[in-house]
Every structure is written in structure tokens, then in C-alpha cells.
Amino acid sequence: MAVGYTALPMSETEPPIDASTQPREAASPPPPPGEFDPRSIDLGRVECLQILNERGELDEGLTPDFSDDDLRRVHRAMVLSRAFDARMLAMQRQGQMGTFAPNIGQEACMIGQVWPLGPSDWFSPSYRAFGAQIWRGWSMERLMTLWAGYHEGFPPPEGVNDLPFSIVIGSHVLPATGIAMGMRRAADPHCVVVNFGDGAFSQGAVAEALNFAAVEKAPVVFVCENNGWAISTPLAKQAGSDLLAARGVGYGVHAIRVDGNDILAMMTAMGEACERARRGEGPTLVEAVTFRMSLHTTADDPTVYRDESIVEPWKSRCPIKRFESWLVRTGRLDPTDGDRIRAACEEEVLEARARFRSNAQAKPREAFDHLYQSIPPELEAQRMEYLRRLDRKGVE
Ligand SMILES: Cc1ncc(C[n+]2csc(CCOP(=O)(O)OP(=O)(O)O)c2C)c(N)n1
């Protein structure tokens, strides 16, 4: 992939971060080996990348070299993700779906992180990743089955190298790193992408994973989706520095901060990070700056803990709108294509819903199954009593 860019500020008001410390004294010559070196340490820079700004304008100096087909494919994937999102929310509100975690506004972040993966690479997502899962080959009816609480929906489809999504935040980051360490030892030239939120980044397991990955040069790309909120906890109460990418520097993990609502920047940064990993050059931490526009989950009401006016500016940063306007302006899409694609995606989601409805049948007799390999006696007694009740009610 021919991409090249220089360090770029996220906005005109936010310069690139220079993490170097200023020496207290004039630089002195290095001391003999083994002695404490009193000279200040230059930690270098954390690169920030935006290619398509929120007005849909391309930074011409950073024009990436993606094929028009790839660009149209990722655009459609983002539109499909949003259609699925809206339908799932409606189904949940109609009592047809279990608890669901919407992803509206984070589509570029999602699709961009799996875009460079091939079938032999691995993806380990957290729960807000359905757009990426669809891209990876999960059918939408399978995801509906999963979110409706049927265990049949959880295993990855045949031939898809994904882990089931993780709800215990941060817990999947170590296993994903372990897979990458195994790849490195087996000289397997593939990579692992693992995503987690700004809240999950406070979990000890994530720190351990970064450290293991750095020491072992594991081919793993850590994607921290910094969407500003961990349920009701804003980033300012979560972290002492809002520059989460800088944490990579301390571990010796290559780090970059990306505009997570810019699909071109996400594709570029992820493409490069995956290539570095596959070349054996070790892990990358990608901090994708985005915003949780909607509910944490359908069990959440953000109006009780945040002023909805903070959502407003993010509407104009919509990753789909910005990308679509550029695609149309550059002749890669016709002006009517956006609506046509939206209608086709909506149709696709409705067809998936129909398949989900005809497949998903509750199996009350299995309510106690899949918990223990050998069920404890007290639970077995409860199970028998429950089955007798179902018999009395004539439930199959
Ligand atoms: C270990 C653990 N602690 C607490 C929870 C409850 N919980 C679910 S989501 C969440 C916030 C996660 O926020 P973040 O990591 O920023 O991801 P986001 O939901 O914003 O995508 C918490 C605390 C959990 N799932 N796992």
C-alpha cells in the first residue's frame, strides 16, 4: 500500500504532541557504560493523523492510494453498520431483542480497524463491534441471535478467525496478545487486531498485554476507541491525560493517535500497523478519537449524566457524511448513490431479521445447560424442579 504522510495535528488548535522533556542543564557527554546517565530523555513524538477533515476536505499531501472499489466497499460497510444499528435499537424497544450496545458515529473506527485484515489474521473485539464483525463474515442474523441471548449466536462462523466479543472489559486483550505471541514464535506472518474502550484502558490486563506485546514483539495492533465515555464516566474522570496514545511510548509500543471519524486515516494507520506487525516489527497502539453519540447500551439513559449539547458538534463530524460527500465530489459515487445504498442496506437488514425470526426459537429446557461440565447437586435439583414445572405447563 503506497501511503506516506507526515505528523499532522488533529486540528489547527491542537499541535502535534512533543513528549520530549527539556534538559535542566546543558547536554553533557554520555557517562561510561553502566553508570547512571543524568541527561534528559527525549521520548519522541506521538503522531496524529487526519486525512479527511470534518468538512470532507482531503489533505492533498496525504492522499492515500486505495482503489475506488475498496473505498466504495468501506462506505457501504459503514452504511450497513448504521442500518443494522438503527434496526437493532428499534427491535430492542419493541421487545424483540435483548440488551444491545449501539455504535452510531463510530463506524469509521470500526470498519477501518478490520479493513486490512485477511482471513488468516485474527480479530478480538469488545461488544460494540458489530460493524467490524459483519465485515469479518458474521451474518447479521447470527449477530441478532447472539444479542437476543441465544448461545448459538456466540461462536465465530466457520473459517472466521475471530474471538467471540468480550463483555468483561479489557479481559480479551491478554488472550489476543497471547495469540500474537504464539504467531511470533511460530513465525506465522499474520497479525491480531484487538479493540477496547477508553474505560477498559484502565484495566490492569491491558497494561500487562502492552508490556508482553512489546517485550515479545508480538504482531498485535491495539485499538483504543476513545469515545469519551465509559458508561457515565467521562474521560476526564478516567485518565489523568487525555492523550491515551502516549501510554504506548512508556511500554516501547509504537503509538499513533488517529481521527477515528475519518475512515481514510483509520484505513491508513491500521494498514501500516498491520504491515509492521506482519513484518515482525512488533505491536502498535492506535488511539482512535471518536465519540459515543448514543446510549452506552439500551439499558442506559445518558440524559441523566451528560448534557446532550455536547453531542451536537459531533453530528457534523459524522464519519459517513464526511466520507460520502468526498466520494461524490470526486466522482467515485453518483449523487443518488448514497440513498440507493442506504435503501439496499435497509433491505438486507430486514431480510436478516426475517431469517433471525424464523430460526431463533427459545429452548426453555436448556436454561440450565452450558453452565457447568458437571452440574452441582443443588443446581441439578433446581433444574429437575424447573423441568417438572415446564411439564405441568405443557412447555416443550
Ligand atoms: C471488568 C468489568 N468491569 C465492569 C464492567 C461494566 N461495564 C460494562 S461497559 C463499561 C464501560 C466501558 O467503557 P469503555 O471501555 O470506554 O468502552 P465503551 O463502552 O465506551 O465502548 C463498564 C464499566 C464490565 N463489563 N467489566
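Here, each number is a calculation from the coordinates, and none is a lab measurement. Just so it is clear, the model here is predicted, and its values are computed rather than measured. Ideal geometry is used to build each Cβ from the backbone, glycine not excepted, and the neighbour counts take in all protein chains shown.
Odds and ends about this structure:
- Charged-residue dipole, Cβ positions (Lys, Arg, Asp, Glu), the chain about Cα centre, Debye nearest 20: 1060 debye
- In the chain, the longest principal axis of the Cα atoms and the axis of helix 319-329 are about 70 degrees apart.
- Measuring nothing but how far apart in sequence close Cα pairs (under 8 Å, 6+ apart) lie, relative to its length, the chain scores a relative contact order of 20 percent.
- Most mobile listed residue (281, 158, 380) in the chain, GNM with C-alpha springs under 10 Å: 380
- Our estimate of slack between residue 348 and residue 70, defined as 0.36 nm per intervening residue step minus the Cα-Cα distance, is 98.1 nm.
- Sites residue 311 and residue 358, calculated FRET efficiency, Cβ-Cβ separation with R0 45 Å, nearest 0.05: 0.75
- Net charge in the neighbourhood of residue 355 (other residues with Cβ under 15 Å of its Cβ; Lys, Arg +1, Asp, Glu -1) is -1.
- Cβ-Cβ FRET estimate between residue 36 and residue 63, R0 fixed at 30 Å, reported to 0.05: 0.05
- Measuring r between the beta carbons of residue 55 and residue 160 and using R0 = 45 Å, the FRET efficiency lands at 0.75.
- Amide H within-cut-off set for residue 46, under 5 Å, with H built and near neighbours excluded: 17, 19
- Here the gap between residue 368 and residue 383, fully extended at 0.36 nm per residue and compared with their Cα-Cα distance, gives a gain of 4.8 nm.
- Highest-MSF residue in the chain out of 254, 190, 151 [GNM, Cα springs under 10 Å]: 151
- Modelled this way, with points 7 Å down the Cα-to-C-beta line, the labels at residue 328 and residue 152 are 4.2 nm from one another.
- Shape category assigned to the stretch 57-187 from the gyration tensor of Cα positions, a/c cut at 1.5: oblate
- With loop membership from DSSP and a limit of 11 other Cβ atoms within 10 Å, the longest segment of the chain without chymotrypsin sites (Phe, Trp or Tyr not before Pro) is 37-371.
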